[in-house]
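Below you'll find the structure, written out as structure tokens, and then a few comments.
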Amino acid sequence: MRTTGKSGRLQAVLVILIFLMYSTQEGHCDDDVASSCVKLDADVTRDNVACSTIGHALVDTMDTNTAWNYFSTIVEFMYHKVECIMTYITITADHLQTTLTHEKQSSEISDDNADSVKHDAHNKFSGMLNQDFKSSVDKLLSDFLPADEDATVQPEGGEVVFEYPKMEQIKPVNVGHEQSVDIGDETSVKVITLSVNPPIFEIPDFLSNDDCDYIIDESNNHGLQTIRWFATVNNTVSNKEQRISNQTDVLPSKENVAFLTKLQKRAAGLLGVPVEVIKYSQPLVVGQYWPGGFYHSHLDSNIVNADKPCCFHMNCSVVNGKELEDTHCCNKCRMATMMYYLNNVEEGGETAFPFADKSLPDMNRSMQDQQWHNLTKNCEQASVRVKPQKGKAILWYNHFLDKRGYLGAVNTRSYHGGCNVKKGVKWVGIHLVQTPHYRHRLLSSKFAIRFADVY
């Protein structure tokens with residue numbers, strides 16, 4: 001059962017990543033697959049009845065032969081564990097997109113390859129997997145492959161206000177690499193690579209001192225709301241705090257629109273996108289952290305379902321007059337995050353990325369600690385930590401790109417958070433850059449409609 005060549009390598013990688021299994025062993029993962037036991041969610045502990053497993057099989061190193069041999073072992077294991085079900089696809093997306101990006105062959109994947117993989121998968125497991133599972137396989141692959149032209153969703157009324165273009169992400173090259181990026185108006189900035197996977201960049205002096213002070217003043221004038229979020233375990237809110245901070249949105253107005261437009265143009269220039277992409281994303285968010293304030297590790301985006309529109313396209317549920325980004329209704333679609341440090345912090349307050357550039361086995365070992373996301377405890381262990389410095393910006397990508405250059409799978413290595421402020425106060429501004437799936441590229445942003453009279 002060995003395949004060779006580019007198509008065979010693709011099949012080996014795809015098939016091995018599609019099948020995520022639950023072992024029915026009480027309390028621990030089966031010894032036969034212990035080396036591949038990856039904890040995919042902080043809510044799933046080793047005390048659960050089922051342990052989530054996946055044959056990572058050195059995919060990070062592109063050892064296809066090893067991957068295929070390992071897959072054969074998993075197949076044998078599955079035939080003895082017939083209660084195999086489809087589960088959390090985050091790691092699947094991570095593996096698939098990392099592999100294709102590494103081998104630089106994403107542009108060479110054809111629908112025929114995908115159909116072949118699906119057919120092969122269905123045949124191998126037709127005797128033990130139900131139709132729901134097969135449908136999940138189809139759905140999984142369709143999320144990663146570009147949509148057909150006739151699948152494009154048209155806006156109501158047929159008028160296209162803005163067509164979202166494909167994106168090109170800044171190439172990280174290697175850690176420590178410095179490059180100059182032209183951001184428009186004959187201005188360039190220095191961009192320093194902090195991590196390759198996910199791509200994380202530091203941009204010194206992106207904002208002036210006056211820019212930083214203006215954003216803080218605007219936030220104080222608007223008023224900040226105290227945020228105390230509690231972690232959710234098994235869909236139940238726990239007594240463990242996930243975040244303590246103050247926050248506000250700097251909404252565009254006739255008084256601040258000139259400044260916000262200038263900032264949006266700089267961000268768009270860095271990202272290499274039309275300014276509308278920033279302007280039509282959610283407004284600038286400002287966070288304030290006093291001593292003891294923190295934000296434990298989290299993802300800015302969510303696992304995408306290409307059939308659902310993005311949250312910036314539509315309104316979801318409203319509670320107490322406040323719209324909620326309900327991921328059952330829509331996808332967050334936050335392709336990238338730009339964070340601006342608005343002041344110097346006396347001590348603490350670093351932005352930490354616990355999994356940046358880590359291998360999957362290292363991620364697995366980190367996740368064995370049920371408190372891995374707790375940056376009060378684990379800030380020093382994060383592989384990348386960025387110290388706040390007034391005027392500095394950092395940029396990272398939360399998603400991979402699909403073959404067409406549109407929103408692809410979420411990159412789970414983009415988990416990040418804010419370490420405890422120990423002394424002083426920390427101010428940050430955040431642009432959550434939202435871009436759609438290919439099939440939704442013609443839909444208008446609700447923020448474009450909401451602030452049309454300002455812009």
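No lab work stands behind these numbers, since they all come straight from the coordinates. Computed from a predicted model, the values in this text were never measured in an experiment. Cβ atoms come from the backbone with ideal geometry, glycine included; neighbour counts cover every protein chain shown.
Going down the table (Lys171/Lys422; Lys265/Lys423; Lys171/Lys358), which pairs top 30 Å between alpha carbons?
Lys171/Lys422; Lys265/Lys423
With Rg and the Kirkwood Rh both taken from Cα atoms, where does Rg over Rh land for the stretch 310-455?
That ratio equals 1.01.
Please tell me which of these pairs span more than 22 angstrom C-alpha to C-alpha: Lys262/Lys390; Lys392/Lys426; Lys190/Lys392; Lys240/Lys332?
Where the Cα-Cα span goes over 22 Å, the pairs concerned are Lys240/Lys332.
Under a point spin-label approximation (7 Å from Cα along Cα-to-Cβ), what is the Gln389-Asp185 distance to one decimal in nm?
Here the answer is 2.3 nm between the modelled labels.
Only counting other Cβ atoms within 10 Å, I'd like Glu241, Glu347, Glu156 sorted with the fewest neighbours first.
Going from least to most buried by this count: Glu156, Glu347, Glu241.
Stretched out fully, how many nm does the piece from Gln381 to Glu241 gain, at 0.36 nm a residue minus the Cα gap?
Full extension of this stretch gives 48.4 nm more.
Per-residue HN-Hα couplings for the stretch 385-396, Karplus 6.51 cos²θ - 1.76 cosθ + 1.60 at θ = phi - 60°, whole Hz, x for Gly and Pro?
Once rounded to whole Hz, the list reads 9, 10, 7, x, 8, 3, x, 6, 10, 10, 10, 9.
Is the stretch 389-429 rounded, prolate or oblate when judged by the Cα gyration tensor, a ≥ b ≥ c being the square roots of its eigenvalues, rounded requiring a/c under 1.5 and prolate requiring a/b larger than b/c?
prolate
Pop the C-beta distance of Cys316 and Glu347 into the FRET formula with R0 = 41 Å and round what comes out to the nearest 0.05.
Efficiency at R0 = 41 Å is approximately 0.55.
According to the square roots a ≥ b ≥ c of the eigenvalues of the Cα gyration tensor, what is the shape class of the stretch 178-450, taking rounded for a/c under 1.5, prolate for a/b larger than b/c otherwise, and oblate for the remainder?
It comes out rounded by the Cα gyration axes.
According to a simple spin-label model (label point 7 Å from Cα along Cα-to-Cβ), what is the distance in nm between Ala151 and Glu168?
My value for the distance between the label points is 2.6 nm.
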